[in-house]
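Below you'll find the structure, written out as structure tokens, and then a few comments.
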Amino acid sequence: MPVARRQVLAAAAVAPLAATMFGVIPASGQEATGYRVGRGVADVTGPAAENGMMGYSMPQQQTAGIHLRTLARAFVVDDGANRVVFVTAELGALFQSVHQAVLRRLAENYGGLYTEQNVLLNATHTHAACGGDSHYAAYDLATLGFQEQVFNAVLDGISEAIGQAHDDLRPGALSLGRAELTDASVNRSRSAFDLNPAEDTRHFPQAIDPAVTVLRFSQGGRDVGAITWFATHGTSMTNENHLISSDNKGYAAFAWEQRDAGFVACFAQTNAGDMSPNLELAPGSGPTDDEFDNTRIIGERQFRAARRAFESAREPMSGPVDSALCYVDLSEVTVDGRFTPDGKTHRTCTAAIGMSMLAGSTEDGPGIPIGEGIRNPLLDWLGGADVPVPPELADEQAPKPVAVPFGAMQPHPWCPQVLPLQLMRIGELYLVAGPAEFTIVAGLRIRRSVAAELGVPLENVLLQGYANAYSQYVTTPEEYDSQQYEGASTLFGRYTLPAYQQEFTRLAAAMRAGEQLPLGPVPPDMSGTLPNFQPGVVFDAPPPGRAFGDVLAEPASGYRRGDRVAAEFVTGHPKNDLRRGGTYAEVQRLVDSRWVPVADDRDWSTQYHWKRSGVASSTATITWDVPAEVPTGRYRIVHNGDWKAAASGEITPFTGRSRDFLVA
């Protein structure tokens, strides 16, 4: 069944939104701005079983349930002359395949209203979401190929969120707030950071980027949403986890939205390339040794910092909205000496990864497992990873010892090289949207270049990472020389960052002059280039004497707040129906002789675990950690599933219900 608790726009359509606990922007200020704003939320959760996750690139890390569903949150801002769309999706990466497909869908639905120029898509970079939605091999190796179910879930969810925001447009106001957060990130590549000049490192005295920036949205004088930018990786959940999770930024959004069902709380990334939430610099460590506690704590700290920034955002913003995008082949940029450390002209080169990337980030988790002795059917289909490195490429990538020349792989490059670079203005705020993971100093240098070209304060320019495509890391030339994980993952050589500085400065100059740059080389559509070697669902069968939805293990008769309730059901494979916008798990309370949903698989308090128990049999275990604030009364656990028939392939839904139990 649909999840009613978070159907934000449906609720907004039938009743005015209640004022939030954070106050309201005065209606007189709202009237003076001339903006119209809208927002939307939709589900992008992929298969909850037997689908590789995107982030750690570990083939054995396959989904086996849900802790927090992953969502896309969209905002539309219109100043009467121009319109922009901003979307953050709780994904490991926003791939170029998705960017291209969303733009096609928007063209079908809205004509030329939304294009690559005014639509900015980005990811939170959680490492516990489904992967397999890229058209490039490097990012689908761990998922054993392209996963169409994931791709469609992401495409449909992002498109729906934008559609909701479009339909929600109404007069509103924007304001900007700021705060600092120093206990939710740590520099995981300190030795590389310290190689930067003092003028850079002085900007970050703790070797982290503590900036928290919040864009506050209101409609009719009522607060309806916020976008929060803060740099920290989505790696609180480790590579041992098999539950889909939106990680720390997802918890931050959940913590805010559960306080107001009509509020849309978006937590976006900035330059998080070397920022880890694992404060003790080891996977699953800091501030505790429990990955779930760490996810909650780091998320809660972001939420509270966002709230401080939100409360400081009182002055209504003014100024137009604007946007510009061009495509650049990052493998062949000639970089002017004013952007390079030695003042000389240099060039970027064909994409390649270094040996240190294979080792992975020891602070967060290992990288792509394409080393010696590893068998991967997709890798075999592609012809292996032992392509000779051209001598000239080895020289161009120096001092990187090249492991795999991604850009030179046959029959297709393993990563995109023609990439989207975008600059978006929302009033006084400028977003520099790059398709990579930028270290904090790399982000700082781009922001300085753009701010100087635009003639605006540095704090009004943010680096929006993980945007519109994905091409791994961007380090400074000095950081690149140390060849840590981030430098080895900087694809286009030592002068990758100066190339970005140059091209973003070019975009800024055009925006300042009111001109539009040529679009540039359009990236190829790589649809259909990758197979899928992940086995699908043949059929489902219950154990002898059992039916789908039967309860194998009932809850106890009574619980107290803080206890964990568990129930086990006979189930079918989650790939039969992703239940996007719905739920596999519900907690219901008996109210006036009716069972009312109080939690589902979008809630922090629930977990849905799936386990195969034979060739075609499987079980679902649903747990509920009874929150401290729930009322006493009678409750039950409900499981919604689907099974596939062996002969016909027909898929049939079912529902299982536990016995009721008392919370006292």
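The values are calculated or read from the model by the stated rules, or taken from the named source; none is laboratory data. The structure presented is a predicted model; accordingly, all values stated were derived computationally and were not measured. As a convention, Cβ positions derive from the backbone with ideal geometry for all residues, glycine included, and neighbour counts pool all protein chains shown.
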Residues in segment 76-116 that are in contact (Cβ under 8 Å) with a residue 60 or more places away in the chain, out of contact with any Ser or Thr (no Cβ under 6 Å at 6 or more places or on another chain) and under 18 Å from Arg170 (Cβ atoms) total 9
Determine whether Ser648 is closer than 29 Å to Val537 by Cβ and modelled with pLDDT under 95. no
Kindly provide the set of residues from segment 91-129 that are touching a helix residue (DSSP H, G or I) at 6+ places or on another chain (Cβ under 6 Å) and within 15 Å of Tyr470 (Cβ to Cβ), ordered by number. Val98, Ala101, Val102, Leu121, Thr124, Thr126
Kindly indicate whether any position in segment 64-72 is touching a residue at least 40 places away in the same chain (Cβ under 8 Å), out of contact with any strand residue (DSSP E or B) (no Cβ under 6 Å at 6 or more places or on another chain), surrounded by fewer than 21 Cβ atoms within 10 Å (Cβ to Cβ) and farther than 24 Å from Val214 by Cα. no
Please work out if Phe504 is touching a residue at least 60 places away in the same chain (Cβ under 8 Å) and not assigned by the TED database to the domain that holds Pro47. no
Considering each residue of segment 119-152, count those that are outside any strand (DSSP E or B) and buried (at least 21 other Cβ atoms within 10 Å of the Cβ), and give that number. 22
Ser449: passes all of (1) over 16 Å from Pro524 (Cα atoms); (2) crowded, with 24+ Cβ neighbours inside 10 Å but (2)
How many of the residues in segment 459-492 are closer than 22 Å to Thr228 by Cα and within 15 Å of the chain's Cα centre (by Cα)? 7
Consider Phe292 carefully, then state whether it is outside any loop (DSSP other than H, G, I, E, B) and either in contact with a helix residue (DSSP H, G or I) (Cβ under 7 Å, 6 or more places away or on another chain) or more than 30 Å from Ile244 (Cβ to Cβ) (or both). no
In segment 402-495, which helices (runs of 4 or more DSSP H) lie fully inside it and hold 2 or more residues that are in contact with a Leu (Cβ under 8 Å, 6 or more places away or on another chain) and free of Cβ contacts under 8 Å to residues at least 40 places away in the same chain? 440-454
Residues located in segment 215-240, provided they are in contact with a His (Cβ under 8 Å, 6 or more places away or on another chain) and either of a type outside the set (Gly, Ala, Ser) or closer than 16 Å to Val264 by Cα (or both): His233, Thr235, Met237, Asn239
Only one of Gln484, Gln417 that is in contact with a strand residue (DSSP E or B) (Cβ under 8 Å, 6 or more places away or on another chain) and among the polar types (S, T, N, Q): Gln417
Name the pairs: first residue in segment 285-309 and assigned by the TED database to the domain that holds Ala184, second residue of a type in the set (Val, Ile, Thr) and surrounded by 23 or more Cβ atoms within 10 Å (Cβ to Cβ), Cβ to Cβ under 6 Å, at least 6 apart or on different chains? Ala305/Val212; Ala306/Val214; Ala306/Thr228; Ala309/Val212; Ala309/Val214
Does Leu155 qualify as being under 28 Å from Gly65 (Cβ atoms) and either assigned to a helix (DSSP H, G or I) or not aliphatic (A, V, I, L, M) (or both)? yes
Exactly one condition in (1) under 31 Å from the mean Cα position of the chain (by Cα); (2) surrounded by fewer than 21 Cβ atoms within 10 Å (Cβ to Cβ); (3) of a type in the set (A, V, I, L, M); (4) not assigned by the TED database to the domain that holds Pro653 is not met by Ala566; state its number. (4)
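Every residue, every condition in (1) closer than 26 Å to Leu497 by Cα; (2) at pLDDT 95 or above, yes or no:
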{"site": "Thr238", "(1), (2)": "no, yes"}
{"site": "Ser246", "(1), (2)": "no, yes"}
{"site": "Phe254", "(1), (2)": "no, yes"}
{"site": "Arg259", "(1), (2)": "no, no"}
{"site": "Phe267", "(1), (2)": "yes, yes"}
{"site": "Met275", "(1), (2)": "yes, yes"}
{"site": "Gly286", "(1), (2)": "no, no"}
{"site": "Asp289", "(1), (2)": "no, yes"}
Positions within segment 175-199 being touching a Lys or Arg at 6+ places or on another chain (Cβ under 7 Å) and either of a type in the set (Ser, Thr, Tyr) or farther than 15 Å from Met275 by Cα (or both), in sequence order: Ser175, Gly177, Ala179
How many of the residues in segment 610-632 are surrounded by 14 or more Cβ atoms within 10 Å (Cβ to Cβ) and not β-branched (Val, Ile, Thr)? 9
Going through segment 395-424 one residue at a time, which ones are more than 30 Å from Leu462 (Cα to Cα) and crowded, with 18+ Cβ neighbours inside 10 Å? Glu396, Val402, Ala403, Val404, Pro405, Ala408, Met409, Pro413
As an exercise: evaluate Val264 against (1) out of contact with any Phe, Trp or Tyr (no Cβ under 6 Å at 6 or more places or on another chain); (2) surrounded by fewer than 21 Cβ atoms within 10 Å (Cβ to Cβ) and give the number of the one condition it does not meet. (2)
Is there a residue being acidic (Asp, Glu) and closer than 24 Å to Thr213 by Cβ anywhere in segment 458-469? yes
Phe267 - would you say it is assigned by the TED database to the domain that holds Ala128, farther than 17 Å from Ala128 by Cα and of a type in the set (Phe, Trp, Tyr)? no
